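A.B. asks: Okay, here's the structure, questions in a sec.
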Amino acid sequence: GAGVSQSPSNKVTEKGKDVELRCDPISGHTALYWYRQSLGQGLEFLIYFQGNSAPDKSGLPSDRFSAERTGGSVSTLTIQRTQQEDSAVYLCASSSGRGDTQYFGPGTRLTVL
Amino acid sequence: EDKVVQSPLSLVVHEGDTVTLNCSYEVTNFRSLLWYKQEKKAPTFLFMLTSSGIEKKSGRLSSILDKKELFSILNITATQTGDSAIYLCAVVRQTGANNLFFGTGTRLTVIP
């Protein structure tokens, strides 16, 4: 595709449920990033993939958060046992290489009731 | 502790005005500074700056970086209502994941 795509665009879930958020990066981009934007706060880095490996998971807020990337392309961010404080917009970005310009997807707005 | 500070936090101007948005940073191992425009959810890329004193320009928008004083400015001339958005400044470090380290943004509102 022409740009980064994410799905779903909106997700409403109940506290305690698991959710999966998907990111499809720009074709050929080897680097993929997940960020989170909570209401009234700036964008917060979560995790970075170079190819299928995640050398930096330092931004994940808790062990309920995990992510994987397969085939050097699609990535899935999973949040287990969701809490209300997980409500945010989750943004994915990709770049052609580490340190290159990052291009963002449209995000997934997660609401945990 | 690394930080990126943007000012003002919000700004309201009339169409046709010129605005200057500021971004100052204190980061270790600076690599580059980027500006993004966020209207709804997805930040859209505006500029990447790596060298001091070289102005980047795109239409009515321009930006410049000062690596000695550790700041960047984003200028928008002849503002239009479509310029209303949050403008985000982010810094990339040489080390680690090269993830973007964001400021909290400047919310610009352009009224007719």
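The values are calculated or read from the model by the stated rules, or taken from the named source; none is laboratory data. All values reported here derive from a predicted model rather than from experimental measurement. Methodologically, a virtual Cβ is constructed for each residue, glycine included, from the backbone with ideal geometry; neighbour enumeration extends over all protein chains shown. Note: accessible area is taken over every heavy atom of the protein model, side chains too, but ligands, DNA and RNA are not part of it. Shrake-Rupley method; radii C 1.70, N 1.55, O 1.52, S 1.80 Å.
A.B. asks: Taking the Cα atoms of the protein assembly as shown, report the difference between the largest and smallest coordinate on each principal axis, in whole Å and largest first.
C.D. replies: Principal extents (largest minus smallest coordinate, Cα): 48, 37, 36 Å.
A.B. asks: Hey, got the dipole for the stretch B:21-90? About the Cα centre, +1 on K and R Cβ, -1 on D and E Cβ, debye to the nearest 20? Don't skip to the answer; put the middle values down first.
C.D. replies: Numbers: 9 positive and 6 negative charges, 44 e Å.
It works out to roughly 220 debye.
A.B. asks: Can I ask one more? Kindly work out what percent of the DSSP beta bridges joining two residues of chain B are antiparallel, to the nearest 5.
C.D. replies: Percent antiparallel among DSSP bridges in chain B is about 90.
A.B. asks: Further, regarding this structure: Taking K and R as +1 and D and E as -1, what net charge do the other residues with C-beta under 15 Å from the C-beta of B:I111 add up to?
C.D. replies: Spelling it out: positives minus negatives among the neighbours equals -2.
A.B. asks: Also, quick follow-up: Please list, in order along the stretch A:5-19, the HN-Hα scalar couplings obtained from phi with the Karplus expression 6.51 cos²θ - 1.76 cosθ + 1.60 (θ = phi - 60°), rounded to whole Hz, x for Gly and Pro.
C.D. replies: Ordered by residue, 3J(HN,Hα) equals 10, 9, 8, x, 7, 9, 9, 10, 9, 8, 3, x, 7, 8, 9 Hz.
A.B. asks: Taking a cut-off of 26 Å between Cα atoms, list the lysines near B:K3, but don't count ones fewer than 8 places away on the same chain.
C.D. replies: Within the straight-line limit of under 26 Å, B:K3 reaches these lysines: A:K57, B:K37, B:K40, B:K41, B:K56, B:K57, B:K67, B:K68.
A.B. asks: Shifting gears a bit: Quick check: convex hull over the Cα atoms of chain B, volume per residue in Å³, rounded to an integer? Walk me through the numbers on the way to the answer.
C.D. replies: On the way: hull volume 10.5 nm³, N = 112.
Output value, Cα hull per residue: 94 Å³.
A.B. asks: Roughly how many percent of the accessible protein surface of the stretch B:25-97 is carbon and sulfur, given a 1.4 Å probe and a whole-percent answer? Don't skip to the end; give the middle numbers.
C.D. replies: Values: 1670 of 3330 Å².
That share works out to 50 percent.
A.B. asks: Over the Cα atoms of chain A, compute the convex hull volume and normalise it per residue, giving Å³. Before the final figure, lay out the partial values.
C.D. replies: On the way: hull volume 10.3 nm³, N = 113.
For chain A, the hull spanned by Cα atoms encloses 92 Å³ per residue.
A.B. asks: Next up: Using the heavy atoms of the protein chains alone and a 1.4 angstrom probe, what is the accessible area of the protein assembly as shown per residue in square angstrom?
C.D. replies: 47 Å²
A.B. asks: Estimate for me the total accessible surface buried between chains B and A (protein heavy atoms, probe 1.4 Å, no ligands or nucleic acids), in Å² to the nearest 100.
C.D. replies: Chain pair B/A: roughly 1700 Å² of buried accessible area.
A.B. asks: Only bridges with both residues in the protein assembly as shown count here: give the DSSP antiparallel percent, nearest 5.
C.D. replies: For the protein assembly as shown, the DSSP antiparallel bridge percentage is about 90.
A.B. asks: Moving on to the next point. For chain B, with a Gaussian network of springs between Cα atoms less than 10 Å apart, report the residue from B:G96, B:G82, B:G53 with the top mean-square fluctuation.
C.D. replies: In the Gaussian network model the winner is B:G96.
A.B. asks: Are there residues in the stretch A:22-48 whose accessible area shrinks by at least 10 Å² when all protein chains are included rather than the chain by itself, and which are they (probe 1.4 Å, ligands and nucleic acids not counted)?
C.D. replies: Relative to the lone chain, where solvent access is computed with a 1.4 Å probe, the stretch A:22-48 loses at least 10 Å² at A:Y33, A:Y35, A:Q37, A:G42, A:L43, A:F45, A:Y48.
A.B. asks: Taking every alpha carbon pair in the stretch B:18-59, what does the distance histogram look like in 5 angstrom bins from 0, in percent?
C.D. replies: Taking all Cα pairs of the stretch B:18-59, the binned fractions are 5, 15, 25, 28, 19, 7, 1 percent.
A.B. asks: Looking at the stretch A:5-112, what % of its DSSP beta bridges pair antiparallel, to the nearest 5?
C.D. replies: Numbers: 34 of 38 bridges.
Within the stretch A:5-112, antiparallel bridges account for around 90 percent of the total.
A.B. asks: Here's another thing I want to ask about it. How far apart, in nm, are two points set 7 Å out from the Cα along the Cα-to-Cβ line at B:T44 and at B:E26?
C.D. replies: Placing both labels 7 Å beyond Cα along the Cβ direction yields 3.5 nm.
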